[in-house]
Structure formats: C-alpha cells, structure tokens
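Below you'll find the structure, written out as structure tokens, and then a few comments.
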Amino acid sequence: MHVVIDQGWTMEMWRPVVHEFIDMLHLHAISATLKRYTLDSDTGTVTPAFPTKRTSSARELTIVLTDGLGPFWLQHSAEEMLCTWGTWQPLAVVHFLPRALWASSGIRAKRQALRPSAPAQANKDLQVEARDEDDHLSCPVPTLELGAEDLGAWGRLVVQEAPTLLYCIAAQPAAVRMPGQARSSAAADESAPDGQATGAALRSEALQQLELFRRSASREAKFLANALSVLPLNVAVMRRTQETLLPRHGPELFSELFIAHLIHPVVTAERLRRIDRVTFDFAPGVREELVAGLNQQWTGNLFTATAAFLDEDLGIPFVSSWRHLIDAPHRTAFEEATEVSLPFLRVELTVLEALSGPYRSRAKQLRAMLSRFEQSSMAVAP
C-alpha cells in the first residue's frame, strides 16, 4: 500500500488525524507493505518519487490524504497526476473535510455508480454507469469522507468486486481549471502588497471576507474565530483552544477559517510547529473587528487562562505577567519589546484596547512603546 500525505500548511491542524489513520493501517496488519510519501501541495512534488507503474507482482493500491486546500488542488493540477496513478492500480483520495465543505476546496467530485470486473482493478478499468453525457470519466478516482461508511464501500469495491456508489473526481489526462473554484494561494500571492495595494485595501478585502464568513460559516467555526481573536496564535494554542471550548468538533473548524482567508501562517513551513513563537495571525483588521464584539468578562477570562498555558505548558517567559494583567493592569510590568515578543505584545494591545475602561491607560503606554521599538528597528535596518 502507498499512502501519500498532503504536507500543505492547511493540513497542519489535521496532523493528529493523519497519525491516527496511519496507526489504523498498522493495526490492520498493513504495516509490512505500507510506503509513505509526502505531497507538497504548493508545487505538486511527491517525495520520494512516486512509481509510475507496478513495482512488484503483488497487488498495490494507493490512498491520498488531503484537505484539498493547497494550490495544487485549487488549480486542478492534481487531476492529471491522479489519472496517471490510476492507470495501473486502485487509487482513492481521502478528503479530510466534511462533504459539505468539498465545494470550497479544489476537489470536485460527483456521485458515480462503479462496477469492477476483477479484484484490485485499476481505476481506469472500472466501469462507470453514466447517467448523462457528462458522466463519462476516463479515470474515476473515488473520493472518500473520513469515516467507516466510505472507506468500507471502497474496500468492498477493491477486494470483493462489489458494485458501489461513491463520489469520484473526474480525473482527466489534460486537466482544466474549473469555474467557480475557491481562491487559490497563488491568486492570493498575486494580490499581495507590491506597492500598488495599500494597507487600507488589504484591510477592506479582509473585512469583506469576514462578513462572508459570518453569513456562511458554521456556528462553531464563528465561535472558534471569536475565541482565537483574543490569543497569540500557534498550532499548540489553536488546537488547545478548540479542544477545550469545542471538544465535540475537530480540525474541520480551522478549515472553515482557512477557506475564508481569515487566518494564515506568518512563518516559513519549517517553523510552523514552533510552540514558542507566533506562527499564525489574522488577516489585517479581522482580529480587531472580532475582539471588539466580544463580552469583556469572557475575553478577560480566556486571555488569562491562555496566559497560564503559554507560561506553564509552553514555557514562554515573556508572557508570564499576562496571568495578572486582567486583574491588575496598573501593577503589571511591561514586557520588553523584541522581535520575538512583538507579535505577542500586539495581541495584548488589541485586547487592552477592546476592553478599554481601566485598561485604556496601559493600552496607550503599550502602543507608544511598540511604536518606539518599530521605529528604532526601521532605523537600524540595512
């Protein structure tokens, strides 16, 4: 068995689920033949190089694990790759997003009736019972929700030659960009500030995205966005917040935030898992807009609880004073502004300005301190 794991940054919150899936494969005694590959969903590079034909006389099959949100999926570049792989083996994509969110990803799948004529039949040889002319697929790729129903149906298709209904990607040798797709990271890069786009324009665009998110996102995703707006963001903080406040849900809530372009990485991929740094942040203006509408007592309590987590569990020394900040803003010392502490202090400033009242004086002093630090940093920059 070949398992191809999407390594895009939007998959970062799904890492525990990926590990559980691999453990499940090991538990079912597939470990002896399991080969892992990683997919760079920015470039489409698979490491190590994926075979283009059968490598042994034994039966082979491939599962791709993804959320479909990387540029390689959004630009529909993956379809030709999948078609190539499906010419000589059974192949399926396990889509980590709930089916209701698939339309916001780069994976377009239609429900198809599939009929095999032999066990472990390659995708290109599967018979598709077409309902109309558009249903004629050169290489159907079963696309599965992460659950027993879809995985079991695909297993019966491959092992027992059982006809079944499954959602399939219409993988074609010459894939084309389909209309109505979600905005890709490449498109986002093209609209990044380059001297023509102003900070005000970026803020306006981000607030429009927030408005769309508020109208269309799940109640739980909106609640999570509100909670995260009070906090400095890294993978550990984000995961703990979701597991504490919304324990019945999972990483799909973060996917809703990523789809809406509300949160994005602010470090390179190699540093994304650091727990002592801010590695994610909100789009311009979004954090301030969210915090401004929150209950002040709830905001203070969440900020204080997370300060204890940052200090005790993550060992971040320059936020230790935050544990007393809400109760005693005038008696709490200011942390020194450095390149490392600056992203944390900006979050503190946003929270203080939203709380206002007894926090107004400290917010004014902190804003002046950060302004001086940023000006001095610009002065010494080469």
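Okay, here's what the table says:
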| quantity | calculated |
| --- | --- |
| 0 to 90° range, to nearest 10: angle between helix 296-308 axis and the chain longest Cα axis | 80 |
| Stretch gain in nm, segment residue 368-residue 100, where the contour uses 0.36 nm per residue and the Cα spacing is subtracted | 91.9 nm |
| Prolate/oblate/rounded label for the stretch 58-168 (Cα gyration tensor, a/c 1.5) | rounded |
| Simple Cβ-charge dipole of the stretch 203-253, Lys/Arg +1 and Asp/Glu -1, about Cα centre, in debye nearest 20 | 100 |
| Rounded to the nearest 20 debye, dipole of the chain from Cβ charges on Lys, Arg, Asp, Glu | 380 |
| Nitroxide proxy distance, nm - points 7 Å out along Cα→Cβ at residue 17 and residue 117 | 3.7 |
| On Cα atoms only, tilt of 199-216 relative to the major axis of the chain in degrees | 60 |
| Degrees separating the helix 342-355 axis from the principal Cα axis of the chain, which is the longest one | 70 |
| D (Stokes-Einstein, µm²/s), Kirkwood Cα radius, the stretch 281-382, 1.567 mPa s at 4 °C | 91 |
| Square roots of 5 times each gyration tensor eigenvalue, C-alpha, the stretch 1-123, largest first, Å | 22, 18, 15 |
| Computed label-point distance, nm, for sites residue 198 and residue 333 using a 7 Å Cα→Cβ extension | 4.2 |
| Segment residue 274-residue 244, length gained on full extension (0.36 nm per residue, minus Cα span) | 8.8 nm |
| The stretch 1-60: C-alpha pair distances exceeding 17 Å, % | 47 |
| Global geometry of the stretch 197-341, whether rounded, prolate or oblate, following the gyration tensor of its Cα atoms and the 1.5 cut on a/c | rounded |
| Kirkwood hydrodynamic radius (C-alpha pairs) into Stokes-Einstein, the stretch 221-261, 20 °C and 1.002 mPa s, D in µm²/s | 211 |
| Computed P(r) (all Cα pairs; the chain; 20 Å bins; percent) | 25, 49, 22, 3 |
| Farthest positive-ward along the stretch 41-139 dipole, Cα basis, beta-carbon charges - from 70, 104, 49 | 49 |
| The chain: calculated mean residue ellipticity at 222 nm from DSSP helix runs of at least 4, using -39500 (n - 2.57) | -11500 deg cm²/dmol |
| Whole-Å semi-axes of the stretch 325-382's equivalent ellipsoid (Cα gyration tensor) | 23, 10, 9 |
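Since every read-out is calculated from the coordinates, none of them should be taken as a lab result. Nothing here was measured: the structure is a model prediction, and the numbers come from that model. Heads up, the Cβs are rebuilt from the backbone with ideal geometry, glycines too, and the neighbour counts pull from every protein chain shown.
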